[in-house]
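Here is the structure we will look at, set down as structure tokens.
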Amino acid sequence: MNMSEKFTELYNKLRSKRRRRKQLLLLEIKQEGITMSCMLGENLLWREWRALAVPKELDATYWRALEDVCREILLWSKVQVNAPCLGVVEETLLYSESITLPALEKRELKQAVAWEIEQAVPWAQGTYASAYLAEAVGKELQVKFWVAPEGVVAGLGDTLSRLQLLPIGIVADAEQAVAKWYAGETLYTLNLYGKEKSLAWAQVCRSPLLRSGAVACLLLTALVCGVGRGACYLAAINLQQAEQDLGAMQVWQQRYRASHQLEQQLAKLKQLQQAAKPTHVGTTIEKVSSKLGRECWLQLLAKSGGQWQATGVAAGPEALQELLERMQSSFKEVRLERSESKSEGVRFVLQFKEQQA
């Protein structure tokens with residue numbers, strides 16, 4: 001047994017376990033009437049029979065009458081929507097024949113049976129649906145096939161769909177079909193519908209679990225896309241903020257270098273003051289320099305008459321306020337002449353006078 005066969009066997013077991021917890025409806029069309037029954041695993045839950053003779057031509061009138069009768073039974077039994085249903089057509093209403101073939105592979109057997117059916121039935125190819133069952137007897141295969149006009153199979157399938165049931169197949173051998181379905185296998189060759197893939201896809205589409213999974217996947221995809229777009233937006237904002245911070249940092253670096261140069265100049269001036277006789281102007285410059293602190297930078301200090309004027313930059317309004325308080329402790333008539341907020345800080349102009357000794 002290769003890996004593909006092992007996987008198929010395991011998948012069938014899992015599907016069988018799930019199917020045995022589900023109810024299976026059987027709609028049997030017979031010459032004198034119809035029988036609808038409900039099974040759960042190996043147990044028969046209920047069975048209802050209604051008289052509805054099959055006419056020579058299965059036209060729209062018959063299918064409407066069948067739909068009305070089945071709807072009455074479904075209302076009585078309270079069957080849930082999209083319940084799996086197996087359509088069964090009595091063998092006397094179909095063309096059937098038994099043949100013997102040598103042992104063949106599945107693909108070769110399918111081709112051989114299709115050729116035998118084409119030779120046996122009176123209908124043109126493409127106007128009928130067929131199914132077959134093959135059993136090995138020694139070195140030979142005993143094959144029985146059933147053939148029905150396409151209109152019969154399509155009419156029954158459409159009727160089941162209008163009843164809001166899930167048609168899992170249309171067969172002639174109900175016993176074999178039920179056994180295969182509860183065993184987790186596909187009906188494959190037993191299915192008269194001739195659209196095994198379509199039925200399987202319909203079952204997948206109508207499965208509440210699969211639909212819930214699809215919705216969950218869509219929601220998860222939308223969530224991931226939303227998170228991704230949100231992350232990109234936040235990253236763009238952070239990048240823009242980083243660029244702004246980098247620009248401000250460059251400005252502060254320039255201010256720091258300028259302040260460092262000014263400090264060097266003040267240090268040289270102090271050295272000159274220490275070497276020479278202290279002057280009144282040098283004392284004022286030293287006092288102002290001591291009041292600046294780490295968050296204020298002096299750009300210009302000038303005197304006009306008895307009035308001093310200091311021009312510089314503060315890191316923020318709080319730093320400027322602290323500078324004013326420190327200046328008021330050592331000078332008189334200290335007032336803020338002008339302040340202007342810029343990206344690099346707060347530009348200020350202070351005016352003050354020296355205290356009389």
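The values are calculated or read from the model by the stated rules, or taken from the named source; none is laboratory data. Computed from a prediction, not measured in an experiment: that's the story for all the values here. Note that we place each Cβ from the backbone using ideal geometry, even for glycine, and neighbour counts take in every protein chain shown. Only protein heavy atoms, including side chains, enter the accessible area calculation; ligands, DNA and RNA are left aside. Shrake-Rupley method; radii C 1.70, N 1.55, O 1.52, S 1.80 Å.
Among the residues of the range 4-16, none qualifies, meaning not one is in contact with a strand residue (DSSP E or B) (Cβ under 6 Å, 6 or more places away or on another chain), of a type outside the set (G, A, S) and open to solvent by 80 Å² or more (accessible area, probe 1.4 Å). Listed here are the strands (runs of 3 or more DSSP E) enclosed by the range 109-182 that have at least 1 residues being over 42 Å from the mean Cα position of the chain (by Cα): 128-137, 140-149. Mind listing whichever residues of the range 343-357 are closer than 17 Å to A302 by Cα and surrounded by 17 or more Cβ atoms within 10 Å (Cβ to Cβ)? Hits for the range 343-357 are F348, L350, F352, E354.
For the range 17-54, the set of residues classified as of a type outside the set (F, W, Y), outside any loop (DSSP other than H, G, I, E, B) and open to solvent by 50 Å² or more (accessible area, probe 1.4 Å) consists of K17, R18, Q23, L40, N43, L44, L45, R47, R50, A51, listed by residue number.
Would you be able to tell me the number of residues in the range 74-108 that are in a loop (DSSP other than H, G, I, E, B) and open to solvent by 80 Å² or more (accessible area, probe 1.4 Å)?
Number satisfying all stated conditions: 4.
Residues that are in contact (Cβ under 8 Å) with a residue 24 or more places away in the chain and more than 20 Å from G157 (Cβ to Cβ) within the range 43-66 comprise W46, E48, listed in sequence order.
Can K180 be described as touching a residue at least 24 places away in the same chain (Cβ under 8 Å) and of a type in the set (K, R)? No. Residues in the range 233-252 that are open to solvent by 70 Å² or more (accessible area, probe 1.4 Å) and in contact with a Gly (Cβ under 9 Å, 6 or more places away or on another chain): W252 alone.
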